[in-house]
Amino acid sequence: MRCLRTALLMLLLVSMPWISHAGVAADALPRSVFESAERPLRPVDNAAFAPSADASVGTALSGVLEISQATLVTEPVLTSPPIRGREPRLFPSIRLTLYSIGDRLVPVERGTLVAEFGTHTPASYWSVIPETGRIWHEAADGDWDRAALPITLVNDTENAAHQGLLTFLYRGAQTTAVRLQLVQQSGPYLVQPQFVAAALASTRFRRAARPEDDAQRAQAEWASRLPTRPLQALAATVPTGTLDGLGGPLLPQWRVAVALVVQGTLWQAQVQTPFGPYPYPEGMRFGVRSVMKSVAAPLALLHLAQEYGPWVLELPIGRYVEGLDSKYQQVRFIDAADMASGFGGQGTLQTDPNNMYDGYLGGDYDAWYLAPSHAEKVAEIRRTLSPYPWNPGTVVRYRDQDFYLLGAAIDGFLKSVRGPDADLWELLKANVFAPIGIAHAPAVRTQEAAGVGHVWANAGYYPTLDDLAKIALLYQQRGAWGGRQLLHRGLVDDLLAAKGALEKNSDAVRPAGVAGPVPRYRMGFHFLPYTSPQTGQGYEVPSMQGSGENEVILAPNGVISLRMAKASSLPEATPIVDEDGDATLRVLDRLQGFAR
């Protein structure tokens, strides 16, 4: 217990992943735990999954680790039924190719959705995204070494993410069972309530040579990360109170990760969990939900406008997606990107004042959301949604279906000009993400009997904070990176200035800045009205937003705030936010003034 108390104290003093944590993993998880047949009762302190201050580097490791399916012991007890016959209370059997570089433990499958292998009845509902961890040796372990990885438990049906850790001991070609735990979450939806979990899974290990080509790629990926420092180090350089309110108005208990990007550096707060600080924050991936609406379709349209011209925004959805209502022949790509398709047919017909979420989840939303294939999703849209009486491009009504169809239409356009193998997400990965240093982009796709499914443009992305920071920086830099213009500069300028953005609460078409700042929506971005108390000037500030209170704000002064959160699927009447709606905006304003 004394060692654990010391571990907790030291963990509170440091936050970055390359700093060794005090405490001895062998105390919290001795070798006997891995040899026991008993299921763990609950997670232990996260310090057990990282090297202690006095640990030495472990013996080099390289091979294939097979982890067996295991029962998750959850807190609270999960009562969610199987989803499409797959069990959410089971950790999946997975196969990982692992190797070490110094004290780093690298999975070849990092940044990808690793699906369950083998035939199981029942099958697990989950897939796993592994990231880079550590290997080390502790004196108490004798001739055994330790290995640990950050993991994210995800699925191919929605956008839930459970951040966790796994660890095992190894000696030569021998490996113990894996002890794993899930200690945080973002974006829960189908599997409720929010939970933590632990499990013990048996393993098999086969030695294999280290893949040198992948080792070179891994080192290049680490080098491409933004400089990352503790947020408290930034706080020490600015006047006292400057950062007060960052992450607000969301209440602290619902925040998962909070960070700022200032002058190209990612300043990250320590990631807290119910079991202590998370030791590998750079490996956390998040279910960001509708933040994807600010990523897939807008980036693709702005990149294609750079390559072909702005006319791509004027193309009709109905030309490239079969089986839709005839009104989609008049719905342009930009109309769908603005949530102004004039289609949806649920809720009221009142538009002034307008409620952009009027009828949002109507029309048997879950039947559409859970439809596995593209054809089934389109059929659900035809079955449950209908045209509104107003024209496209005039009234904002928030519909996930609009962005899903937009993604499918952009994909159809790509195939028409580049051939049947062209793909929206692959285009972004190669032409936008790779140039800005995003090596992996796991995302949910439709499930098709043959071929690769459509990436969801409405949700389903699992980024890291580094990924989101780079995407936000690309927008802030007007679509340019490293001397290359990746996005159409004029259109990015217009987007960040809210030019053409529609008012959320009215059917009035007024330019940004007229009659003061108002809430607007444009190309997947929510524009936050804000008046600086320092200058009295009004702004409409672009932000990426996703269910659960995930938010990325792009301030006019070049500062970016990131907040990953878990405020979804909560009991009714649960307090989520306070009354200070401008808390984070004021932090950005205080940092270096909103105006450049």
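Read-outs throughout are calculated quantities, based only on the coordinates presented, and are distinct from any laboratory measurement. Predicted model, so just to flag it, every value in this text is computed and none were measured. All Cβ positions, glycine included, derive from the backbone under ideal geometry; neighbour counts span all protein chains shown.
Residue exposure proxy: 33, 577, 106, 444, ordered by other Cβ atoms within 10 angstrom of their Cβ from fewest to most, comes out as 577, 33, 444, 106. Summary of the geometry: segment 177-252 and segment 446-476, compared by the centres of their Cα atoms, lie 18 Å apart.
Measuring between their Cα centroids, segment 531-548 and segment 338-412 lie 27 Å from each other. Non-local lysine pairs in the chain, meaning eight or more places apart or on different chains, with alpha-carbon distances under 26 Å, amount to 19.
When each of 261, 541, 57, 452 is scored by the number of other beta-carbon atoms lying within 10 Å, the sequence from fewest to most is 452, 57, 541, 261.
Electrostatic bookkeeping for residue 351 treats Lys and Arg as +1 and Asp and Glu as -1; over the other residues with beta carbon under 12 Å from its beta carbon, the sum is -2. Helix-only arithmetic for the chain: the sum of -39500 (n - 2.57) across DSSP H runs with n ≥ 4, divided by the residue total, places the mean residue ellipticity at 222 nm at -6000 deg cm²/dmol. Computed from backbone phi with θ = phi - 60° and the Karplus coefficients 6.51, -1.76 and 1.60, the 3J(HN,Hα) list for segment 517-534 is x, 9, x, 9, 9, 7, 6, x, 10, 8, 9, 8, x, 8, 10, 5, x, 7 Hz; x is used for glycine and proline. In terms of its Cα atoms, segment 373-532 spans 53, 46, 30 Å along the principal axes, sorted from long to short. Of all the stretches in the chain, which is the longest one without any exposed loop site, taking GluC sites (Glu not before Pro) in a DSSP loop (any state but H, G, I, E, B) with at most 10 other Cβ atoms within 10 Å? The longest such stretch corresponds to 39-571. In plain terms, the C-alpha convex hull of segment 98-219 casts an average shadow of 8.8 nm² when viewed from every direction. Principal semi-axes of the equivalent ellipsoid, √(5λ) from the alpha carbon gyration tensor of segment 228-283, are 19, 15, 10 Å from largest down.
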